[in-house]
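Written out below as structure tokens is the structure these notes cover.
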Number of protein chains: 2
Amino acid sequence: GAPARDIDRTCIDTIRTLSMDAVQKANSGHPGTAMALAPVAYTLWQDALSYDPADPLWPARDRFVLSVGHASMLLYSLIHLSGIRDVVDGKVVGAPSLTIDDLKQFRQIGSKTPGHPEYHHTAGVETTTGPLGQGCANSVGMAIAQKWLAARFDKPGFPLFDYHVYTLCGDGDMMEGVASEAASTAGHLKLGNLTWIYDSNRISIEGSTDIAFTEDVAKRFDAYGWQVLVLKDANDTAGFLKLLEQAKAETTRPTFILVHSVIAWGAPKKAGTAAAHGEPLGADEIKATKAFYGASEQDFFVPEGVEKHFQDGLGARGAAASKKWKELFAEYKKAYPDEAAEIELILARKLPEGWDSEIPTYKTDAKGVASRQSSGEVLNAVAAKLPWLIGGAADLAPSTKTLIKDGGAFQPAEWNGSYAGRNLHFGVREHAMGAIVNGIALAGVRPYGAGFLIFSDYMKPPIRLASLMGLPSIFVFTHDSIGVGEDGPTHQPIEQLVQLRATPGVIVLRPGDANEVAEAWRTLIPLTNRPAVLALSRQNLPTLDREKYASASGVQKGAYVLADSGKTPAVILIATGSELQLAVEAYEKLIADGVAARVVSMPSWELFEEQPQSYRDEVLPPAVKGRVAIEAASPIGWHRYVGDAGTFIGMNGFGASAPLPELLKKFGFTVDAVIAAARKQAGL
Amino acid sequence: GAPARDIDRTCIDTIRTLSMDAVQKANSGHPGTAMALAPVAYTLWQDALSYDPADPLWPARDRFVLSVGHASMLLYSLIHLSGIRDVVDGKVVGAPSLTIDDLKQFRQIGSKTPGHPEYHHTAGVETTTGPLGQGCANSVGMAIAQKWLAARFDKPGFPLFDYHVYTLCGDGDMMEGVASEAASTAGHLKLGNLTWIYDSNRISIEGSTDIAFTEDVAKRFDAYGWQVLVLKDANDTAGFLKLLEQAKAETTRPTFILVHSVIAWGAPKKAGTAAAHGEPLGADEIKATKAFYGASEQDFFVPEGVEKHFQDGLGARGAAASKKWKELFAEYKKAYPDEAAEIELILARKLPEGWDSEIPTYKTDAKGVASRQSSGEVLNAVAAKLPWLIGGAADLAPSTKTLIKDGGAFQPAEWNGSYAGRNLHFGVREHAMGAIVNGIALAGVRPYGAGFLIFSDYMKPPIRLASLMGLPSIFVFTHDSIGVGEDGPTHQPIEQLVQLRATPGVIVLRPGDANEVAEAWRTLIPLTNRPAVLALSRQNLPTLDREKYASASGVQKGAYVLADSGKTPAVILIATGSELQLAVEAYEKLIADGVAARVVSMPSWELFEEQPQSYRDEVLPPAVKGRVAIEAASPIGWHRYVGDAGTFIGMNGFGASAPLPELLKKFGFTVDAVIAAARKQAGL
């Protein structure tokens, strides 16, 4: 039942009517969930959330994640009504984030109110949601970041990082495996700073959840080690506030609040139906619903007193808390100048001076070192100078070489670690790892996640979202080809490189020797607004003689001339990663035979494409048509670099289980094969 | 504690020693889990499994899934010791599937014993496993197929399809989201024919599972609605057999047996350690372990009596059951010849005559129809003639148009359906859907799974495995571009087409109008050994005039000349899917202006690449360098078709949230843009 009509109820109904109206005007969108959850979201924001609308960047703000991203109008309405200010070029400005006109532009071209909430696009949106389960897992990353920041920076009398993360999720989130993985992780890590509010409306797109989803969700979360609370009626705001207090009071476990709701509550015909999920209610139903609420019929109407009420509640509380925090931080800065300086760098996504000063240079070595191994060394050299670089693997750290030595494990005390630990143990949960890494990045802490390249398939959605959000998440993928050897085709990536390269904004780096690995890290660490993927070998790669060949600093340009005969090339050999050695060996034999060859090392397509045309033409002169590219992966995409006349040595199907030398022979990755192709290209 | 030394114990220890020896000889592999689970797997096979080693294709055999694929030697040892016969070209032959020499070739080039078990490669392997969680979800598909086959074909006195599916899984499986999704689905569907045996050894690659995985797994499965049983000691074979009986006796719920085990049980130094997971034990440790077992020191030694014991147990029981079944089926064939004929077609992966007789032909229609809509119509036309085509969507059926009309819902009676239903409701569980679809395909039933193309990202691993296994799984993906419109960039695929095209073996079809949709289905349904992906539009596509333009039957060749000026082309316009209409409209204006243009419709790169060079040169004459390709997706891969001189109109970044007409303008998908590019290409 609905509470008595008062200002709270007016605020709640205004969220509802704005949501209905915007979806109707756009003739597209999801009204039902916003209407059902308005009392829940309102109570959370107005009576619990520590958030200063005047400073949406305040670092110690509570985080609100709308994992049910399709209910975007719920969030947009709250942003508008609570008067959150806009952020331009990373700075808070006086103008509001969303005006009523912005709400009227819902889902229109160039608007600040896209169909699903987009981080960095609309101030007040903490993460991009829509693909279900991602927000849930992001929120675990945010909660990890809070714990880590507090453990590193809080001092007696200085509770700088003391915020809570709230996530609104739905049946779809609960069905997605990524949310299950994230929930298990949060329970294990005893994240008492995290609360998920689960909207159980028993309706999904195909109809009642009885058709597919009849498990006992509350019991499942109990099994994960969460505190489980239940709200019988989403409209019971007083009851909900008590549960929020219980959630805050429980600091040793995350809290799961199961809320029973009715989708499109108040709509006489469509409440409780799948029809209210993903389409406008229609003018008649809106009129009838507004009548039921006792609200004005006027479109996009905000009754007097609503905005003031938000200012007096959320606004006043947030302003006071944020003011107090800023004073506290000013004191902290005096008492702990070094730590304060670190915090400022973190929040500005800047690097400490000399962050790369310990990155090693590798000596020429024919036997060489696996690029996963040199990467582990470089990672540690960077980690020594960049204290907020934290990360881990999906239960593969000994293989991915991604452990930060002496970094400690990020664990609750119960599991013999500390929240100051820098090594995360994600378990065999690649998908959640990716989304957790993104959640950590949202706090400014620099995260990496690691695994085998083949398992990037399990975590493609968060890699894509990292790019869409402009996050500098780092993904370290080893065992990057048939170099995997005996584990066989289930573990040998073929199409993974091209699928990551095709993902807009992602920088893929596949370095060819230890010095290229060092340069790859030197290139990716300064990134501030896009994710990077490292593709690394399981097997040893010779360390090239950099006095004889060009400097590995060319990595920064994506591709560079590693070796050249000095004459106009008759053939250009292009290679990446573990295949670079084949190109170099073939080159040596070719020039010994008087063939004017060139080797182009091409660790990153994306960086190369961003160079001026003149540089690209210098590296790959358009007049030189004789080209051979070598990469133990899918041929798709290579035509661009070898051209109509060129050829490619790669993988045209799945790999096989065998020791690597056998596989190289079987699939044609031999110096002889490269030479033969090169001679043919050179017309010899 | 170990049971007294007897023939059972000898069999168990032989599995262990073969596994240790093979990993040692290969100097690569995972001995620990095989050693720990030998008593469990042995008891299941020897005393419970209904399986005839002389006929590994017997349709009513119980299924054994090794979801812990890294423990492949456990399965290979069982296949060898139980004398499973080989299958060649789909027929059982007299030779054994695996000889002792095959075990000695573990993980070697061309061997029948690759690192992870591969379906179709080794008789006795029911599904390809290794990527964790997949086997679990496959087994849910197998259990669904059994329920469906029984509901459709069993008659009073003819329990033809009455088998159980057993899955051996580990901590890694339990952590993977795909297994959580599958478990929730199996609980909902009340699959009483399914038993998962969970090896809880508390060890993962990074160390104790205490570092990442401390949830109460048993309680979680209880929450999913499973019967949960616990075995305190993996060596307690008598106790385990009782639990297997309880599992069989519970026919209204799936059963979860949690087995406490010690990894590498019996190895004096490495038992219970992460070191025993993924590397050989070493010669000394093997010697000591064999001494502990009281086994011979000899490598690959099979004591006398072991094979005979298997023959007397599993073998005799299986032979009797399989013989009885074949007699039963002979009787069934007399009583129900039509049904029997259907079963034979299913098992042979053949189609009924006239399966495509109701596929519609579409009339020219400028307004047209969305390809998801025409696909829904064609799917229904096929479904009417192909009764074992079953499938569903990840809670998107009303949008993907994949409901089989009057097909009924596949549900337990409790949820108001029947196991004879043809419409599966997967819930918002894309990843499990993909793996369940593969599990269904393994039984010969023809499955499809549907969703939005963007969410193919959530289910890439099973799409890849469908191809690796040679399964004709069908994946129907709609909302295949920025045509999604208002839902925005989180929902607009960009790189998904190229990543699916790059996956070896997968056939991607993106039809351009309703008649191409019909031809796409006509092309993909006869596939027997590779998966197909359909990419379909949300928005209407004009139905082209097929009297004026070429027949849509060209779809079968992947690309075809749709329209041509008759002269040597000055420019070729290549397009797929929703962009085909742009090419056609531009073509009309170009030829009206006297430009010798050609339109090539290219729904499938893969099919086109499989045509003879002569056909490919006919469609895309190498001498014609003026080319424009148009596809609202990543440019990567298109260079191959437009060549060095050509150009591509596509998406160079993420999409945006807006009504489609605005997006088409914003991103340059206009007839004018195509004409301008074409004229430039034609040198005009």
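The values are calculated or read from the model by the stated rules, or taken from the named source; none is laboratory data. Quick caveat, the model's predicted, so the values are computed rather than measured. Counting neighbours? That spans all protein chains shown, and the Cβs are built from the backbone with ideal geometry, glycine included.
Screening the stretch A:466-477 for residues that are out of contact with any Gly (no Cβ under 8 Å at 6 or more places or on another chain) and surrounded by 24 or more Cβ atoms within 10 Å (Cβ to Cβ) and picking the one that is farthest from the other protein chains (Cβ to nearest Cβ) gives A:Leu471.
Residues in the stretch A:179-211 that are among the hydrophobic types (A, V, I, L, M, F, W, C) and modelled with pLDDT under 95: A:Ile203, A:Ile205, A:Ile211.
Yes or no: the stretch A:539-555 includes at least one residue that is under 15 Å from A:Phe608 (Cα atoms), in contact with a Ser or Thr (Cβ under 8 Å, 6 or more places away or on another chain) and in a helix (DSSP H, G or I).
yes
Taking helices (runs of 4 or more DSSP H) as the structural unit, those lying wholly within the stretch B:175-275 and holding at least 3 residues that are away from every other protein chain (no Cβ under 14 Å) and over 24 Å from A:Glu176 (Cα atoms) correspond to B:237-249.
Here is a yes/no grid of residues against (1) within 14 Å of chain A (Cβ to nearest Cβ); (2) buried (at least 23 other Cβ atoms within 10 Å of the Cβ); (3) within 30 Å of B:Ala183 (Cα to Cα):
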site: B:Met73; (1), (2), (3): yes, yes, yes
site: B:Tyr76; (1), (2), (3): yes, yes, yes
site: B:Leu81; (1), (2), (3): no, yes, no
site: B:Val87; (1), (2), (3): no, no, no
site: B:Ser97; (1), (2), (3): no, yes, no
site: B:Ile100; (1), (2), (3): no, no, no
site: B:Ile109; (1), (2), (3): yes, no, no
site: B:Glu126; (1), (2), (3): no, yes, yes
site: B:Gln134; (1), (2), (3): yes, yes, yes
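At least 1 residues being basic (Lys, Arg) is the threshold, and among the helices (runs of 4 or more DSSP H) wholly inside the stretch A:9-126 those reaching it are A:100-104. Candidates in the stretch A:323-370 are the residues that are touching a strand residue (DSSP E or B) at 6+ places or on another chain (Cβ under 8 Å) and among the basic types (Lys, Arg); of these, the one that is farthest from A:Leu389 (Cα to Cα) is A:Lys367.
Just checking, which of A:Asp162, A:Asp173 is surrounded by fewer than 22 Cβ atoms within 10 Å (Cβ to Cβ) and acidic (Asp, Glu)?
A:Asp162
Which count do you get for residues in the stretch B:369-402 that are over 19 Å from B:Pro511 (Cβ atoms) and charged (D, E, K, R)? Adding up the residues that qualify gives 2. Considered as a group, the residues in the stretch A:246-293 that are charged (D, E, K, R) and under 30 Å from the mean Cα position of the chain (by Cα) include one that is farthest from A:Leu49 (Cα to Cα), and that residue is A:Glu279. I'd like the residue in the stretch B:622-632 that is out of contact with any Pro (no Cβ under 6 Å at 6 or more places or on another chain) and more than 9 Å from chain A (Cβ to nearest Cβ) and, out of all such residues, is nearest to A:Gly505 (Cα to Cα). The extreme case among them is B:Ala632. B:Ser456 passes every criterion in (1) within 14 Å of chain A (Cβ to nearest Cβ); (2) under 14 Å from B:Gly392 (Cβ atoms) apart from (2). When you go through A:Ser418, A:Ser399, A:Ser357, A:Ser374 one by one, which is the residue that is small (Gly, Ala, Ser) and outside the structural domain of A:Ile525 (by TED's automatic domain parsing)? Unique residue meeting the criteria: A:Ser357. For the stretch B:282-299, a residue qualifies if it is touching a helix residue (DSSP H, G or I) at 6+ places or on another chain (Cβ under 8 Å), outside any loop (DSSP other than H, G, I, E, B) and not small (Gly, Ala, Ser), and the qualifying residues are B:Ile286, B:Thr289, B:Lys290, B:Tyr293.
Those strands (runs of 3 or more DSSP E) of the stretch B:307-425 in which 3 or more residues are buried (at least 17 other Cβ atoms within 10 Å of the Cβ) and under 21 Å from the mean Cα position of the chain (by Cα) occupy B:389-393, B:423-425. Scanning the stretch A:127-149 for residues that are assigned to a helix (DSSP H, G or I), within 18 Å of the chain's Cα centre (by Cα) and not hydrophobic (A, V, I, L, M, F, W, C) yields A:Gln134, A:Gly135, A:Asn138, A:Ser139, A:Gly141, A:Gln146.
A count restricted to the stretch A:500-542 and to residues that are within 14 Å of chain B (Cβ to nearest Cβ), of a type in the set (S, T, N, Q) and touching a Lys or Arg at 6+ places or on another chain (Cβ under 7 Å) stands at 1. Kindly provide the set of residues from the stretch B:231-263 that are among the polar types (S, T, N, Q) and under 19 Å from B:Phe221 (Cβ atoms), ordered by number. Across the stretch B:231-263, the qualifying residues are B:Gln246, B:Thr251, B:Thr252, B:Thr255, B:Ser261.
Kindly establish whether A:Glu279 is within 12 Å of chain B (Cβ to nearest Cβ), more than 20 Å from A:Leu74 (Cβ to Cβ) and in a loop (DSSP other than H, G, I, E, B). Answer is no for this residue.
Scan the stretch A:639-663 for residues that are more than 9 Å from chain B (Cβ to nearest Cβ), without any contact (Cβ under 8 Å) to a residue 24 or more places away in the chain and under 15 Å from B:Gly110 (Cβ atoms) and jot them down. Of everything in the stretch A:639-663, just one residue is more than 9 Å from chain B (Cβ to nearest Cβ), without any contact (Cβ under 8 Å) to a residue 24 or more places away in the chain and under 15 Å from B:Gly110 (Cβ atoms), namely A:Pro661.
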